[in-house]
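Input: a single structure, listed below in structure tokens.
Nothing in this text is a laboratory measurement; each read-out follows from the coordinates by a stated rule. The structure presented is a predicted model; accordingly, all values stated were derived computationally and were not measured. Every residue, glycine among them, receives a Cβ derived from its backbone with ideal geometry; neighbour counts consider all protein chains shown.
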Amino acid sequence: MELIKQNSQNQIIKSILIIFFGSLILTISAKIKIPFYPVPMTMQTFVVLFLGMCFGYKIGLATIGLYLIEGIVGFPVFANSPEKGVGWIYFTGPTMGYLLGFLSACFFASFIKIDDSYFYIFMKLVLSVSTIYILGITWLGIIIGWDKPLIELGVIPFLAAEITKISLLTILAKKLLKFRKII
């Protein structure tokens, strides 16, 4: 009985550490901008999908939830903070839909299995990341108006970068999915 209790405590500590470090990695991925055409690319969506795929939806959602809470309370964790603001004001700005989409993308990415074909992995990642853009342009429409070219503003500039990240994750998926067995 004591061994079971010890294993349970170790599991909780391991999960908390993964959540904390995952939030830190997500913050770092938001800050590093890779030159890409037509807009610089961050690795945030890569990390969001990675978290769901490797650690499952419980740890993935907890990690992204922590990241969002950190940003809402004023830590400069988001991509353009502190330059363009921090806290609730920044969070409720034009990128809020995308940030909330991180939760759905992570959730859907958690359904990728090691025995899925590379085609299915790729398609599941496309579906996952699509939820970020669906929520993102929905919120963008609310903020700037539905009469604006929302797809041209909020999706098209990022497509090449997303396909690159999804392709890389697809190639690495079988190796990365082995992390699920560790936790």
Quiz item: Can you give the convex hull volume of the alpha carbon atoms of the chain per residue, in Å³?
Solution: 116
Quiz prompt | Loop-located chymotrypsin sites (Phe, Trp or Tyr not before Pro) in the stretch 132-183 whose Cβ has at most 12 other Cβ within 10 Å (DSSP) | solution = Trp146
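Go through Lys14/Lys84; Lys58/Lys175; Lys14/Lys174; Lys5/Lys165 and tell me which ones have a Cα-Cα distance over 31 Å in this structure.
Table pairs above 31 Å Cα-Cα are Lys14/Lys84; Lys5/Lys165.
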Exercise. Rounded to the nearest 0.05, what FRET efficiency do Leu17 and Ile144 give with R0 = 35 Å and r taken as the Cβ-Cβ distance? Could you check?
Key: 0.30
Quiz item: How long, wide and thick is the stretch 107-183, going by the Cα atoms along their three principal axes, in whole angstroms, largest first?
Solution: 47, 23, 17
Self-check item: Per-pair calculated FRET efficiency, R0 = 30 Å: Leu172 and Ile4 via Cβ, rounded to 0.05
Solution: 0.30
Quiz item: Distance from the Cα centre of the stretch 77-128 to that of the stretch 1-57, in angstrom?
Solution: 12
Exercise. Calculate the dipole size of the chain relative to its Cα centre from +1 charges on Lys and Arg beta carbons and -1 charges on Asp and Glu beta carbons; express the result in debye to the nearest 20.
Key: 580
Self-check item: Positive minus negative residues near Val47 (Lys, Arg vs Asp, Glu; Cβ under 15 Å)
Solution: +1
